[in-house]
């Protein structure tokens, strides 16, 4: 059995840092955008009931934050992207 020496375990710290930051930010952006598209489609179906609209938006916000944090993405980035894209669609309607 081969013995692992400490000098054989060199890790490129810059690569790991960039990869983790990239996954966190870009993953949060992509996940937030995907959930925003689903939320907008759901909101188009519910146009008259303001209580349902509020519930959908709040549920989507909680969902995107919790799931993105559990997946290792940035929950704040995903939440901001969700808010921007849902609001953008609301203003263009």
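Any chance the range 56-73 includes a residue that's closer than 30 Å to residue 17 by Cα and outside any helix (DSSP H, G or I)? Yes; the residues of the range 56-73 include at least one that is closer than 30 Å to residue 17 by Cα and outside any helix (DSSP H, G or I).
Among the residues examined, residue 82 does not qualify as within 11 Å of the chain's Cα centre (by Cα), modelled with pLDDT of 85 or more, exposed (fewer than 11 other Cβ atoms within 10 Å of the Cβ) and in a helix (DSSP H, G or I).
Checking the conditions here, which among 41, 36 is under 18 Å from the mean Cα position of the chain (by Cα), exposed (fewer than 12 other Cβ atoms within 10 Å of the Cβ) and either at pLDDT 90 or above or not in a helix (DSSP H, G or I) (or both)? The match here is 41.
The values are calculated or read from the model by the stated rules, or taken from the named source; none is laboratory data. Everything quoted here is computed from the prediction, not taken from an experiment. Glycine gets a Cβ as well: all are built from the backbone with ideal geometry, and neighbour counts include every protein chain shown.
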